[in-house]
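Asker: First the structure, which I've put down as structure tokens, then a few questions once you've had a look.
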Amino acid sequence: ACENRPMHPAPPPCPLELRVGGLRLEAVRLGAPLADRPVLVFLHEGLGSVSLWRDFPARLCAALALPGLVYSRAGYGRSDPAPLPRRPDFLHAEADILGALIAAAGSARTVVVGHSDGGSIALLHAARRPVTLVATIAIAPHLFVEPVTLAAIRALRERWSQTDLAARMARHHADPHATFHGWTQAWLDPAF
């Protein structure tokens, strides 16, 4: 039987400026790091950001009584722009950056939580067996490029100029055009 534990209050977000590889990355710390507890590190989906996670990270941190770190990769959210065009191995490069980000944040032990592209990055990071990694939670990661995914990205790219997607993305990204086109171009590159 599961024990009935009370939910801890959600930790308040504390903005944190991190610099990795010369780029400023938007980040939010949820709760204070605890010496004996791992930090949940959240990796957003392909067009995500800190703000698009909404309250999920805070609720998960509260439920598990763990501190958290949420960040926007370069080119997303309010982070510095990413060099474009993205390379076909951009997810692998992000796994390298994740290791540097964890070190810059001073996180001794981590549980990496990734969704979609973030889930793929989390698995690539885990494959390197970093000593700081306690566990990986990969939500809908991409293990291979599926034709249905490419078709959906092509359709989304076609609708870009016919919808209010740019305006909606502007609420969450400093440069929605670069974010959108950088991501779609990388995914649709045959080398990817």
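The values are calculated or read from the model by the stated rules, or taken from the named source; none is laboratory data. Note that this is a predicted model, so its numbers are computed, not measured. All Cβ positions, even for glycine, are placed from backbone atoms using ideal geometry, and neighbour counts span all protein chains on display. These accessible areas exclude ligands, DNA and RNA; they are computed on the full protein's heavy atoms, side chains included. Shrake-Rupley method; radii C 1.70, N 1.55, O 1.52, S 1.80 Å.
Asker: Sort out which residues of region 75-115 are of a type in the set (S, T, N, Q) and under 16 Å from Gly182 (Cβ atoms), and write them in order of number.
Answerer: So the first thing to find is which residues in region 75-115 are of a type in the set (S, T, N, Q), and the list is 79, 107, 110.
Listed by number, the list holds a single entry, Ser79.
Asker: If you don't mind, there's one more thing I want to ask. Filter region 153-192 down to residues that are within 22 Å of the chain's Cα centre (by Cα) and in a helix (DSSP H, G or I), then give me how many there are.
Answerer: 22
Asker: So, one more: Conditions: (1) open to solvent by 40 Å² or more (accessible area, probe 1.4 Å); (2) under 11 Å from the mean Cα position of the chain (by Cα). Leu69 meets all but one. Number of the miss?
Answerer: (1)
Asker: List the pairs whose first member sits in region 77-105 and is surrounded by fewer than 20 Cβ atoms within 10 Å (Cβ to Cβ), whose second member is of a type in the set (D, E, K, R), and whose Cβ atoms are under 7 Å apart, counting only residues at least 6 apart or on separate chains?
Answerer: Arg78/Glu26; Asp80/Arg24; Pro81/Asp175; Pro88/Asp189; Ala93/Arg87; Ala104/Arg19
Asker: Go through (1) open to solvent by less than 20 Å² (accessible area, probe 1.4 Å); (2) over 15 Å from the mean Cα position of the chain (by Cα); (3) among the hydrophobic types (A, V, I, L, M, F, W, C) for Ala27 and report which single condition fails.
Answerer: Answer for Ala27: the failing condition is (2).
Asker: Could you give me the residue pairs with C-beta distances under 8 Å whose first residue belongs to region 159-180 and is open to solvent by less than 80 Å² (accessible area, probe 1.4 Å), whose second residue is among the hydroxyl-bearing types (Ser, Thr, Tyr) wherever it lies, and which are 6+ apart or on separate chains?
Answerer: Met169/Thr179; His172/Ser49; His172/Ser51; His173/Ser49; His173/Tyr76; His173/Thr179; Ala174/Ser79; Thr179/Tyr76
Asker: Pick out, from region 28-129, the helices (runs of 4 or more DSSP H) lying fully within it that include 1 or more residues that are of a type outside the set (Gly, Ala, Ser) and over 27 Å from Ala186 (Cβ atoms).
Answerer: Values: elements: 56-64, 90-105, 117-127.
It comes to 56-64.
Asker: Using the structure shown, decide if Pro33 is touching a Ser or Thr at 6+ places or on another chain (Cβ under 8 Å) and surrounded by fewer than 18 Cβ atoms within 10 Å (Cβ to Cβ). Give the steps one after another, and end with the answer.
Answerer: Details: touching a Ser or Thr at 6+ places or on another chain (Cβ under 8 Å): yes; surrounded by fewer than 18 Cβ atoms within 10 Å (Cβ to Cβ): yes.
Yes: the conditions hold for Pro33.
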